[in-house]
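For reference, the structure is listed below as structure tokens.
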Amino acid sequence: MNSAIVLTGPIGVGKSTQAQRLGKALDMPVCVYDEIKDNYRYKIGLSREKALSIQAEQGVYAMLTYMNEYKSQILQPIIDDYPDHIIDLGAGAHAFDEPHQVERARQAFAAVSEVILFMPSADLATNIKALPGLRENYEVNTFLIMHPTNEWLSTKTVYTFGKTPEEVTAEVLRKLGRSG
């Protein structure tokens with residue numbers, strides 16, 4: 001097992017901010033999924049043009065279904081390539097609907113120290129109202145907030161609503177049993 005810590009959660013919840021803060025506090029390098037994902041996806045055949053075409057013709061959920069197969073296949077290589085990192089997984093990178101995709105994610109996450117889910121609140125209505133990413137991505141973010149893999153794949157949950165970044169970092173460190 002490597003000591004990587006994976007951060008998940010919906011758009012705008014503070015994963016990127018916390019990745020940077022935790023990286024400094026724990027003296028760990030940070031891997032940002034959104035900066036590296038395309039290199040992995042295109043190697044295994046994902047087509048951006050096809051994804052956009054599916055979205056235009058069939059809608060956002062059909063496009064997400066197409067993307068999920070690729071997302072599920074790149075989790076393990078990313079975790080293998082970035083051991084002992086804080087991995088800012090990006091919104092939706094862990095939201096899978098097919099059982100074989102969920103199992104791939106479980107296996108990939110089994111190799112890391114922790115999978116921390118960031119949510120604004122334990123209350124669904126607060127979550128839907130609280131996230132800035134909902135203005136532009138309401139459909140997708142609502143889907144991500146309610147997705148069952150949040151609970152299935154996370155080892156710890158941290159609520160961010162009404163807290164400063166410093167308070168959130170301190171809570172994560174407490175839950176990890178570490179200090180920065």
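Quick notes
- Residue list for the range 12-54, filter: polar (S, T, N, Q) and closer than 26 Å to Phe118 by Cβ: Ser16, Thr17, Gln18, Gln20, Asn39
- Residue pairs whose Cβ atoms lie under 6 Å apart, separated by 6 or more positions or on different chains, with the first residue in the range 13-39 and at pLDDT 95 or above and the second small (Gly, Ala, Ser) and surrounded by fewer than 17 Cβ atoms within 10 Å (Cβ to Cβ), are Ala25/Gly180.
- If you go through the range 33-45 and keep only what is within 30 Å of Glu166 (Cβ to Cβ) and surrounded by 18 or more Cβ atoms within 10 Å (Cβ to Cβ), you end up with Tyr33, Lys37.
The values are calculated or read from the model by the stated rules, or taken from the named source; none is laboratory data. Given the structure is predicted, the values throughout are model-derived calculations rather than measurements. Positions of Cβ are generated from backbone atoms using ideal geometry, with glycine treated the same way; all protein chains shown enter the neighbour counts.
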